[in-house]
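**Q** For reference, the structure I am asking about is given below.
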Amino acid sequence: MTKPLSRSARRIQQAIENRGFDFIVKELPQSTRTANDAARTIGCDVGQIVKSLIFRVEDTDEAILALVSGNHRVDTSKLAAVGAGKLARADADFARRSTGFAIGGIPPCGHDQAIRTFIDESLLEYDRVWAAAGTPNAVFELDPSALLPLTSGVICDLRSDEDHPPTD
Ligand code: 5CA
């Protein structure tokens, strides 16, 4: 028998269904807290992990969400250009307050408030990707083209051209 989902993971399952999708949230026995953890636990390429990164617009304190492949870093100047001016990286407290979820489990949808969302185009190169679902053990698998209707986000080029791989 499958164990019932935790409250946070259930919220994401519900948010997925509310958007008309049938992706299944799974809570795994090992950590999916970082992109590397998730890739190891799932057994996929780290590039297939969707990182959900919160940034703060400095002037307005608005939270914005960048979705990027586990293979890449976000170029904040690109995000600022398509987004909302000067950006700061959110700290853990700001990320939790604006989404309702802790870092390591921040999902692409189902937040406490509507958050403007920017999706890096390189995620669309994969057939299947996995995203966090509210806890550091919860993920769901999806076709990356569904990220657009799931989040009401926009697709853009966000990836940093740095050639060294991200460490998380
Ligand atoms: N569960 C996985 C994906 S399935 C996940 O949430 N990955 S993540 O990349 O979206 O979230 C972890 C990210 O949070 C790390 O890449 C790191 O950049 C960021 N992070 C970790 N600790 C902090 C912190 N204290 N403040 C701000 N950001 C942090």
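The values are calculated or read from the model by the stated rules, or taken from the named source; none is laboratory data. Quantities reported herein were computed from a predicted structural model and do not represent experimental measurements. A quick note on method: Cβ atoms are made from the backbone with ideal geometry, for glycine too, and the neighbour counts reach across all protein chains shown. Each accessible area value is taken on the protein alone, full model and side chains, heavy atoms only, with ligands, DNA and RNA left out. Shrake-Rupley method; radii C 1.70, N 1.55, O 1.52, S 1.80 Å.
**Q** Let me check I've understood the local charge: for V74, count other residues with C-beta under 10 angstrom from its C-beta, Lys and Arg +1, Asp and Glu -1. What total comes out?
**A** Every neighbour counted, the sum reads +3.
**Q** Extent of the chain along each principal axis, from alpha carbon coordinates, in Å, largest to smallest?
**A** 49, 33, 27
**Q** How big is the dipole moment of the chain about its Cα centre under a simple scheme where the beta carbon of each Lys and Arg is +1, that of each Asp and Glu is -1, and everything else is neutral? Debye, nearest 20, please.
**A** Charge dipole, the chain, about its Cα centre: 680 debye, nearest 20.
**Q** Kindly state, as a whole number, the per residue volume in cubic angstrom of the convex hull around the alpha carbon atoms of the range 1-98. Each step should come with its number before you reach the end.
**A** Numbers: hull volume 13.0 nm³, N = 98.
Each residue corresponds to 133 Å³ of Cα convex hull volume.
**Q** Send over a whole-number figure in Å² for the accessible area per residue of the chain, probe 1.4 Å. Spell out each step's value before the answer.
**A** Values: 8550 Å² over 168 residues.
Result: 51 Å² per residue.
**Q** Let me ask something else. Roughly how many percent of the accessible protein surface of the chain is carbon and sulfur, given a 1.4 Å probe and a whole-percent answer?
**A** 46 percent
**Q** Lys and Arg at +1, Asp and Glu at -1: add these up for the other residues within a Cβ distance under 15 Å of S152 and post the number.
**A** On the way: positive: R19, R116; negative: none.
Residues near S152 contribute +2 overall.
**Q** Can you give me the relative contact order of the chain as a percent, contacts being Cα pairs under 8 Å and 6 or more apart?
**A** Value for the chain: 28 percent.
**Q** Just in the range 1-91: which trypsin sites (Lys or Arg not before Pro) are loop by DSSP and have at most 16 other Cβ atoms within 10 Å? Working shown, then result.
**A** Working: sites: R7, R10, R11, R19, K26, R33, R40, K51, R56, R73, K78, K86, R89; in loops: R19, R33, R73, K86.
Hits after loop and neighbour filter: R19, K86.
**Q** Give the shape of the range 81-168 as rounded, prolate or oblate, defined through the alpha-carbon gyration tensor: a ≥ b ≥ c are the square roots of its eigenvalues, a/c under 1.5 means rounded, and otherwise the shape is prolate if a/b is larger than b/c and oblate if not.
**A** Rounded, since a/c falls under 1.5.
**Q** Let me ask you something else. Compute the helix-to-body angle for 7-18: its Cα long axis versus the longest principal axis of the chain, expressed 0 to 90° and rounded to tens.
**A** Here the helix axis deviates by roughly 80 degrees.
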